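The structure appears below as C-alpha coordinates.
The values are calculated or read from the model by the stated rules, or taken from the named source; none is laboratory data. Keep in mind it's a predicted model, so treat the numbers as computed, not measured. Methodologically, a virtual Cβ is constructed for each residue, glycine included, from the backbone with ideal geometry; neighbour enumeration extends over all protein chains shown.
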Amino acid sequence: MIATKLKGQITRDRRLVVRIPRDMATGAVEIIVLHLSAQPVRRRARHGSGHPAFGIWAKRSDITDTASFAAQLRQRVEMRADERKIRNVRHA
(Lines give C-alpha, C1' and ligand atoms only; values in the text may rest on other atoms or scores of the structure.)
Protein backbone atom coordinates (compact mmCIF):
# COMPACT_ATOMS: atom_id res chain seq x y z
CA MET A 1 0.00 0.00 0.00
CA ILE A 2 1.27 3.46 -0.89
CA ALA A 3 0.13 6.50 1.10
CA THR A 4 -0.31 9.85 -0.65
CA LYS A 5 -1.53 13.01 1.08
CA LEU A 6 -4.03 15.00 -0.96
CA LYS A 7 -6.18 17.97 0.02
CA GLY A 8 -9.78 18.51 -1.00
CA GLN A 9 -13.20 19.78 -0.03
CA ILE A 10 -16.41 18.20 1.18
CA THR A 11 -19.30 19.99 -0.51
CA ARG A 12 -22.67 20.82 1.07
CA ASP A 13 -24.21 17.87 -0.77
CA ARG A 14 -21.63 15.58 0.91
CA ARG A 15 -19.34 14.97 -2.05
CA LEU A 16 -15.58 14.76 -1.70
CA VAL A 17 -13.72 16.85 -4.29
CA VAL A 18 -10.02 16.06 -4.65
CA ARG A 19 -7.52 16.84 -7.42
CA ILE A 20 -5.61 13.70 -8.35
CA PRO A 21 -2.04 14.12 -9.67
CA ARG A 22 -1.54 12.73 -13.19
CA ASP A 23 1.30 10.47 -12.06
CA MET A 24 -0.90 8.63 -9.53
CA ALA A 25 -1.79 5.08 -10.49
CA THR A 26 -5.44 4.29 -11.17
CA GLY A 27 -7.42 1.70 -9.22
CA ALA A 28 -9.22 1.23 -5.93
CA VAL A 29 -8.28 3.49 -3.00
CA GLU A 30 -9.08 3.78 0.69
CA ILE A 31 -9.77 7.27 2.01
CA ILE A 32 -9.25 8.59 5.54
CA VAL A 33 -10.69 12.06 6.10
CA LEU A 34 -8.89 14.40 8.53
CA HIS A 35 -11.09 17.46 8.94
CA LEU A 36 -9.14 20.70 9.34
CA SER A 37 -12.03 22.53 11.01
CA ALA A 38 -11.42 23.81 14.53
CA GLN A 39 -15.02 23.03 15.52
CA PRO A 40 -16.11 19.41 15.87
CA VAL A 41 -19.14 18.32 13.90
CA ARG A 42 -22.15 18.01 16.20
CA ARG A 43 -24.37 15.06 15.66
CA ARG A 44 -27.82 14.74 17.16
CA ALA A 45 -28.56 11.76 19.33
CA ARG A 46 -31.31 9.65 17.86
CA HIS A 47 -33.54 9.24 20.91
CA GLY A 48 -36.43 6.94 20.38
CA SER A 49 -34.64 5.16 17.58
CA GLY A 50 -36.63 2.56 15.72
CA HIS A 51 -33.78 0.05 16.10
CA PRO A 52 -34.82 -3.04 18.08
CA ALA A 53 -31.77 -2.79 20.38
CA PHE A 54 -32.53 0.79 21.43
CA GLY A 55 -32.91 1.03 25.21
CA ILE A 56 -31.76 -2.54 25.81
CA TRP A 57 -29.77 -1.50 28.91
CA ALA A 58 -32.30 1.00 30.30
CA LYS A 59 -33.39 -1.19 33.22
CA ARG A 60 -29.94 -2.60 34.06
CA SER A 61 -28.87 -1.22 37.45
CA ASP A 62 -25.39 -2.76 37.11
CA ILE A 63 -24.53 -0.52 34.13
CA THR A 64 -23.87 3.03 35.28
CA ASP A 65 -21.87 4.32 32.28
CA THR A 66 -23.54 3.04 29.11
CA ALA A 67 -20.98 4.62 26.77
CA SER A 68 -18.11 2.89 28.57
CA PHE A 69 -20.03 -0.39 28.70
CA ALA A 70 -20.72 -0.25 24.95
CA ALA A 71 -17.07 0.58 24.21
CA GLN A 72 -15.94 -2.45 26.24
CA LEU A 73 -18.39 -4.68 24.37
CA ARG A 74 -17.13 -3.41 21.01
CA GLN A 75 -13.53 -3.98 22.08
CA ARG A 76 -14.27 -7.58 23.11
CA VAL A 77 -16.06 -8.29 19.84
CA GLU A 78 -13.19 -6.81 17.81
CA MET A 79 -10.63 -8.87 19.75
CA ARG A 80 -12.59 -12.05 19.08
CA ALA A 81 -12.83 -11.19 15.39
CA ASP A 82 -9.06 -10.61 15.27
CA GLU A 83 -8.44 -13.92 17.06
CA ARG A 84 -10.63 -15.74 14.52
CA LYS A 85 -8.64 -14.19 11.66
CA ILE A 86 -5.36 -15.34 13.24
CA ARG A 87 -6.72 -18.88 13.74
CA ASN A 88 -7.96 -19.01 10.14
CA VAL A 89 -4.54 -17.95 8.84
CA ARG A 90 -2.82 -20.65 10.95
CA HIS A 91 -5.18 -23.35 9.68
CA ALA A 92 -4.98 -22.33 6.03
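Take the conditions (1) more than 17 Å from the chain's Cα centre (by Cα); (2) more than 30 Å from residue 18 (Cβ to Cβ); (3) at pLDDT below 65; residue 38 misses just one of them, which is (2). Residues in the range 61-92 that are at pLDDT 85 or above and in a loop (DSSP other than H, G, I, E, B) were compared, and the one that is surrounded by the most Cβ atoms within 10 Å (Cβ to Cβ) is 63.
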